[in-house]
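Enquirer: First the structure, then my questions, so here it is.
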Amino acid sequence: MSVGGSYDCITKTPLGDQKGVLTVVPGDGDSFTGNITGDLGSMDIRDGRISGNTLSWQMKMTMPMPMDLDCTATVEGDVITGKVKAGMFGTMDLTGTRRA
């Protein structure tokens, strides 16, 4: 099954659970593009890479403060689990399920 699709996700942050929709669009080779959209707006995926069922990417957060995010996640069936590294805030868990 492709890792591509949209996932309803929750990221466990110091400010509480942040809900969002992560969209993964596989490109040529091992690359992908997409974004995550939620209560704090939308962030585009940068440098998206696919290795089997594992994804890695970066995002630039602007709200509530500017910060670079480093992300990794694994897709197993319709479930995605991963980590978001947010600078001085440390690493946060990301979980989600594929939208139908």
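The values are calculated or read from the model by the stated rules, or taken from the named source; none is laboratory data. Keep in mind that what you see is a predicted model, and the values were worked out from it rather than measured. Here the Cβ is made from the backbone with ideal geometry for all residues, glycine too, and neighbour counts use every protein chain on show. We work out accessible area using only protein heavy atoms, side chains counted, and drop any ligands, DNA or RNA first. Shrake-Rupley method; radii C 1.70, N 1.55, O 1.52, S 1.80 Å.
Enquirer: Which is farthest toward the positive dipole end of the chain among Cys71, Gly16, Gly5, measuring Cα position about the Cα centre, with Cβ charges +1 (Lys, Arg) and -1 (Asp, Glu)?
Expert: Gly16
Enquirer: Ranked from the most accessible area to the least, with a 1.4 Å probe and all protein chains present, what is the order of Val21, Val79?
Expert: The ranking, largest first, comes out as Val79, Val21.
Enquirer: Sticking to Cα atoms, compute the Rg of segment 49-92 to one decimal and its Dmax as the biggest Cα-Cα distance, whole number, in Å.
Expert: Computed over the Cα atoms of segment 49-92, radius of gyration and Dmax are 11.7, 34 Å.
Enquirer: How large is ³J(HN,Hα) for each residue in segment 71-87, as worked out from phi by the Karplus curve 6.51 cos²θ - 1.76 cosθ + 1.60 (θ = phi - 60°), to whole Hz, x for Gly and Pro?
Expert: 10, 9, 7, 10, 9, 10, x, 9, 10, 10, 9, x, 9, 10, 8, 10, x
Enquirer: Relative to the compact globular guide of 2.2 N^0.38 Å, what is the alpha carbon radius of gyration of the chain, as a ratio?
Expert: 0.98
Enquirer: How large, in percent, is the carbon and sulfur part of the accessible surface of segment 23-83 at a probe radius of 1.4 Å?
Expert: Within segment 23-83, the accessible surface is 52 percent carbon and sulfur.
Enquirer: Heavy-atom accessible area per residue, the chain, 1.4 Å probe: how many Å²?
Expert: 58 Å²
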